[in-house]
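The values are calculated or read from the model by the stated rules, or taken from the named source; none is laboratory data. The structure displayed is predicted, hence computed values, not measured ones. Using ideal geometry, Cβ is built from the backbone for each residue, glycine included, and neighbour counts are taken over all protein chains shown.
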């Protein structure tokens, strides 16, 4: 029995969306699902108890950051990431591929791996597929991701092809090095915005037979229609019985569009990052709480929301907290934004069960007047 | 019936300590009690729900800060402080006397009141006893404090005497201006470190008959033995049936010594302030979580503690959170420090009930090896 299995419950008749359940050593979660990001072994500003209260089923943490601080050996000694951060539910770790790639001048890519300097102290390190597997096995999440080579947008065809093919070779090396029975290793599809490269990537990776597939290298600057096209090219080629995870995507519209195209899992720092700047999701799009218009507004952030924040606090109070630099302010907006996306995914699942997903999507857009968030 | 009454339950046979209960429009709290400080209508880093979970019975908020931001009129419109900050329990507000006094060069004291400039934008303001009553009535706490004139330490006899006598005159003006049936107004004893001035202050104030008495102008730099002497001079003169509140005091040893001398209420920013710097109370004194010795220490902050922090997280994890600047770090230390003091007060009350208070105090000091915190 694999460490992580995907149970397909229902395929939508009118779209590629699907309802399912992901079974992991730390419990099961219904899909499609949004995963809050806990970069440094904590979802910024949240406690594990609060994550449970808003029904966060599975969370993500970042291999690169944990390797830099506090180090994977320390987390191994702590009994793994679940024990270290006191999170009892499922965890997925990324591979650090995207992070070391994003270091720009601080990194050098070769067939062996990526040499980079720490963003904290400038010390030199080498990530190889084998090294990343060692780290992710020490961290001990339920789901580990293979070490991949990301490309930025725009990137030319030749470079994108080379990086994609290297990603396949690295996926093979990761699989050979991975040796942890209670942990699943997911592959990552690359290929930029080129349909034939995406197809080639999928075909090479599924021949290696992974228990799940990430779709990487999207939401990196390309226009959204291009991202949707890539999903339409990629997802139908993936095996029906395995979960599909669109990496780094988490605005409400992208979640709806991803689900419609057959995605089961999402993650993104967006909801927590904008929350700490005082921007929150509301039914009508977004709200910037510092704005003067909310000074004497004693209504909740979102009139339709029943999260802890909206049940107890007013816009005027939260604005006061941001104006005075109080920590409770960003705690309350973070709770709200995560709850908003988690409830959106719950609504999506309920409408998939009731065969009304596309109608729900339309209804959602009717209210949702915001610019890109 | 007064808005706030004190019920004396038991006087300790071997000290001046006493067990009691404070009844307010927002519920009753057992005394002696420590009040967490919510300067800007939030106890820094805590949510109201967490305050309830650690059994914080009554909290304090600061009139000066709320007057500056968001303004007392806004809080009045919000339905008062309880509603604005979503705190259902009792609240006490100080009078701003200590804060405007602390502004140094930014304030000018006259018989009329204190003219000062805002620490935020430099704008000019005047606090008179009447103005402060208007503000505190708008804020709507269960207990308001009179506007007093503080003196620093050291201060000469003549100046201290003048400030103390003015504090009495201002207390009379506050009483005349105060007109809110569901709010109690407490006086503040001044007189620096001069016994006869403290005695004079008490006598003048009790002749005005307030429902409770604060003891101000202590813990402002004087040696602790001097503070204890002032308590021994002051407290026995106060009416037995009224609560006594030692303002701005909150280290574990001062709480024990205050209780021993007959104090019922305390407040201090110390536990929350040092928590945010990574210093926590433990049975043995204090612990600085950033220290390298805790890097791989997978035990709780305090081995005897059952707060949320100590039940779930290790020193190594909390150290990691401080090292990486994560908000959860200072949330966890804040919860622990407040819980530590609230539990200490609970222990004190239990031992007062069991006639073992002095023995408990001795036992506490046997473990408590720290320097001054």
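Yes or no, residue by residue, for (1) over 18 Å from residue A:289 (Cα atoms); (2) facing chain B (nearest Cβ under 8 Å); (3) without any contact (Cβ under 8 Å) to a residue 24 or more places away in the chain:
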| site | (1), (2), (3) |
| --- | --- |
| A:321 | no, yes, yes |
| A:327 | no, yes, no |
| A:335 | no, no, no |
| A:338 | no, no, no |
| A:345 | yes, no, no |
| A:357 | yes, no, no |
(request) Report, ordered by the first and then the second residue, all pairs with beta carbons closer than 6 Å, sequence separation of six or more or different chains, a first member in the range B:119-141 that is more than 19 Å from residue B:40 (Cα to Cα), and a second member that is in a loop (DSSP other than H, G, I, E, B) and at pLDDT 95 or above. (result) B:126/B:113; B:128/B:112; B:128/B:113; B:129/B:147
(message) Between A:189, A:151, which is touching a strand residue (DSSP E or B) at 6+ places or on another chain (Cβ under 9 Å) and either at negative phi or at pLDDT below 95 (or both)?
(response) A:189
(request) Return a yes/no flag: does the range B:8-24 have any residue that is within 29 Å of residue B:276 (Cα to Cα), outside any loop (DSSP other than H, G, I, E, B) and more than 10 Å from chain A (Cβ to nearest Cβ). (result) no
(message) Any residue at all in the range B:236-244 that's over 17 Å from the mean Cα position of the chain (by Cα) and under 17 Å from residue B:93 (Cβ atoms)?
(response) no
(message) Quick check on my filter: what residues within the range A:305-319 are more than 10 Å from chain B (Cβ to nearest Cβ) and in a helix (DSSP H, G or I)?
(response) A:310, A:315, A:318
(message) residue A:258 - would you say it is surrounded by fewer than 22 Cβ atoms within 10 Å (Cβ to Cβ), more than 12 Å from chain B (Cβ to nearest Cβ) and either more than 21 Å from the chain's Cα centre (by Cα) or touching a residue at least 24 places away in the same chain (Cβ under 8 Å) (or both)?
(response) no
(request) Return yes when residue B:34 is under 14 Å from the mean Cα position of the chain (by Cα) and either away from chain A (no Cβ under 12 Å) or not in a strand (DSSP E or B) (or both) and no when it is not. (result) yes
(message) Quick check on this structure: which one of A:267, A:302 is farther than 21 Å from residue A:59 by Cα and away from every other protein chain (no Cβ under 13 Å)?
(response) A:302
(message) Looking at the structure I just gave you, is residue A:27 within 12 Å of chain B (Cβ to nearest Cβ), surrounded by fewer than 17 Cβ atoms within 10 Å (Cβ to Cβ) and at positive phi?
(response) no
(request) Would you check if there is a residue in the range B:72-80 being under 18 Å from the mean Cα position of the chain (by Cα) and either at pLDDT below 95 or buried (at least 17 other Cβ atoms within 10 Å of the Cβ) (or both)? (result) no
(request) Quickly run through the range B:282-299 and pick out the residues that are more than 9 Å from every other protein chain (Cβ to nearest Cβ), part of a loop (DSSP other than H, G, I, E, B) and over 29 Å from the mean Cα position of the chain (by Cα). (result) B:291, B:297, B:299
(message) Would you confirm, using the coordinates I've provided, whether residue B:248 is closer than 26 Å to residue B:305 by Cα, modelled with pLDDT of 95 or more and buried (at least 21 other Cβ atoms within 10 Å of the Cβ)?
(response) yes
(request) Could you list, in sequence order, all residues of the range B:87-112 that are surrounded by fewer than 18 Cβ atoms within 10 Å (Cβ to Cβ) and within 14 Å of another protein chain (Cβ to nearest Cβ)? (result) B:88
(request) Sort out which residues of the range A:207-237 are surrounded by fewer than 20 Cβ atoms within 10 Å (Cβ to Cβ), outside any helix (DSSP H, G or I) and touching a helix residue (DSSP H, G or I) at 6+ places or on another chain (Cβ under 7 Å), and write them in order of number. (result) A:208
(request) Pick out the one residue from B:369, B:352 that is buried (at least 21 other Cβ atoms within 10 Å of the Cβ), touching a strand residue (DSSP E or B) at 6+ places or on another chain (Cβ under 9 Å), farther than 18 Å from residue B:270 by Cβ and away from chain A (no Cβ under 14 Å). (result) B:352
(message) So, in the range A:40-61, exactly how many residues are assigned to a loop (DSSP other than H, G, I, E, B), in contact with a strand residue (DSSP E or B) (Cβ under 7 Å, 6 or more places away or on another chain) and within 13 Å of chain B (Cβ to nearest Cβ)?
(response) 2
(request) Pull up the range A:266-291, narrow it to residues that are in contact with a strand residue (DSSP E or B) (Cβ under 8 Å, 6 or more places away or on another chain) and more than 25 Å from residue A:245 (Cα to Cα), then point me to the one that is surrounded by the most Cβ atoms within 10 Å (Cβ to Cβ). (result) A:289
(request) Mind checking which strands (runs of 3 or more DSSP E) fall wholly inside the range A:78-191 and carry at least 2 residues that are under 30 Å from residue B:311 (Cα atoms)? (result) A:91-93, A:143-145
